[in-house]
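The values are calculated or read from the model by the stated rules, or taken from the named source; none is laboratory data. All values reported here derive from a predicted model rather than from experimental measurement. Cβ placement follows ideal geometry from the backbone for every residue including glycine, while neighbour counts extend to all protein chains displayed.
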Amino acid sequence: MIVYHFISSEFALKALRDRRLKIARINELNDPFEFCAADFPDSDTRNELETFKNQVNEQYGIICFSGIYHDPVLWSHYADGHRGVALAFEIPDDHAIAVNYQPERFSLDVDAAMRRGGFKEPDLNQFVSTKFSNWCYEHEIRMTCALNDHFCQIDSKGKKVYFESLSLESFGRDALKLVGLIRGIRCDLKPMDIAGELLAADTLSVQDTRLDLSSFHIISDSTYPIQGVRSFSACCFRV
């Protein structure tokens, strides 16, 4: 499945340089209703859910993608006002969780959950994949990541930050295979900016965009390959 991750130019270059993408923590996602899409009027159940959410936050993270790149609102919200890029990834279909947009909170069999001793990992996908219908413009695809399987570093505030490795090679084992980079209509990245963060053995397909003259869509323009210039010895994580 081909999906798109909108990002600023600065962090796109860093992702290319370090061959990794930051994993979002569940408690830091921009929708305050994350994990709160179920209708739980009972306070004990709400407390149980909050405990489960905090446990999941310590064990899992999420990488968010969109199934489309033509919506200008996505570029405005998530790609630095069209100055950033969309990184195009191929991810395994069995890793992709399509978000289900609902106008109302969903009902969950709380009794069954309690018989299992509370909310468990099988409940995770429904919580992760349900959002309010007004978010539907995102066409969001999510990938969950078990944090203990991923690279971690401590940021300047002393917080743990986790990363998923990405690969430009079709034969690589990484779940994220970078297959292209799409420049926003206001993006000022030059080909050499991108080439400077790629290895000499790398070739990345880069695509420009423009405004469609007959709709409110962002559409593709010219596409061209960019060859990397970095030596293998320069390929290291910068922390």
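Considering the range 27-52, the residues that are touching a residue at least 60 places away in the same chain (Cβ under 8 Å) and assigned to a helix (DSSP H, G or I) include one that is surrounded by the fewest Cβ atoms within 10 Å (Cβ to Cβ), namely Thr51.
In this structure, is Gly61 modelled with pLDDT of 90 or more and at positive phi?
Details: modelled with pLDDT of 90 or more: yes; at positive phi: no.
For Gly61, the condition - modelled with pLDDT of 90 or more and at positive phi - is not met.
Can you spot a residue in the range 144-153 that is aliphatic (A, V, I, L, M), within 20 Å of Ala24 (Cα to Cα) and not in a strand (DSSP E or B)? Full working, then the answer.
At the first step, the residues of the range 144-153 found to be aliphatic (A, V, I, L, M) are 146-147.
Imposing the further condition that a residue be within 20 Å of Ala24 (Cα to Cα) reduces the set to 146-147.
From the residues that got through so far, the ones that are not in a strand (DSSP E or B) too are 147.
Yes; the residues of the range 144-153 include at least one that is aliphatic (A, V, I, L, M), within 20 Å of Ala24 (Cα to Cα) and not in a strand (DSSP E or B).
Of the residues contained in the range 99-111, none is found to be buried (at least 16 other Cβ atoms within 10 Å of the Cβ), part of a helix (DSSP H, G or I) and not β-branched (Val, Ile, Thr). Only residues that are among the small types (Gly, Ala, Ser) and surrounded by 14 or more Cβ atoms within 10 Å (Cβ to Cβ) were counted across the range 217-231, and they come to 1.
Just one of (1) under 16 Å from Cys136 (Cα atoms); (2) part of a strand (DSSP E or B) fails for Ser76. It is (2). Going through the range 92-113 one residue at a time, which ones are free of Cβ contacts under 8 Å to residues at least 40 places away in the same chain and hydroxyl-bearing (Ser, Thr, Tyr)? Once the filter is applied, which keeps residues that are free of Cβ contacts under 8 Å to residues at least 40 places away in the same chain and hydroxyl-bearing (Ser, Thr, Tyr), the range 92-113 yields only Tyr101.
Restricting the range 1-26 to residues that are under 23 Å from Pro191 (Cβ atoms) and among the charged types (D, E, K, R), which is surrounded by the most Cβ atoms within 10 Å (Cβ to Cβ)? Only one residue fits best here, namely Arg19.
Here is a yes/no grid of residues against (1) surrounded by fewer than 16 Cβ atoms within 10 Å (Cβ to Cβ); (2) touching an Asp or Glu at 6+ places or on another chain (Cβ under 7 Å); (3) under 26 Å from Ile68 (Cα atoms); (4) modelled with pLDDT under 95:
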site	(1), (2), (3), (4)
Cys145	no, yes, yes, yes
Asp149	yes, no, no, yes
Ile154	yes, no, no, yes
Leu166	no, yes, yes, yes
Glu169	yes, no, yes, yes
Gly180	no, no, yes, no
Cys187	no, no, yes, no
Ser215	yes, no, yes, no
Ser233	yes, no, no, yes
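Of everything in the range 28-51, what is within 20 Å of Phe65 (Cβ to Cβ) and either basic (Lys, Arg) or touching a helix residue (DSSP H, G or I) at 6+ places or on another chain (Cβ under 6 Å) (or both)? Give them in sequence order. Step through it out loud before you land on a result.
Taking the range 28-51 as the starting set, the residues that turn out to be within 20 Å of Phe65 (Cβ to Cβ) are 28-31, 33-35, 37.
If the condition is that a residue be within 20 Å of Phe65 (Cβ to Cβ) and either basic (Lys, Arg) or touching a helix residue (DSSP H, G or I) at 6+ places or on another chain (Cβ under 6 Å) (or both), then Phe35 is the only one that fits.
A quick yes/no check of all residues on (1) within 26 Å of Asn47 (Cβ to Cβ); (2) under 17 Å from the mean Cα position of the chain (by Cα); (3) touching a residue at least 24 places away in the same chain (Cβ under 8 Å):
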residue	(1), (2), (3)
Asp80	no, yes, yes
Glu90	no, yes, yes
Arg115	yes, no, no
Tyr137	no, yes, yes
Arg142	yes, yes, yes
Leu147	yes, yes, yes
Lys157	no, no, no
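Within the range 186-218, the residues that satisfy the criterion of being over 23 Å from Glu90 (Cβ atoms) and part of a strand (DSSP E or B) are Arg210, Leu211.
With respect to (1) buried (at least 18 other Cβ atoms within 10 Å of the Cβ); (2) not in a strand (DSSP E or B), the lone exception for Lys131 is condition (2).
Selection of the range 1-28 for residues being under 26 Å from Asp94 (Cβ atoms) and of a type in the set (Lys, Arg) yields Arg19, Arg20, Lys22, Arg25.
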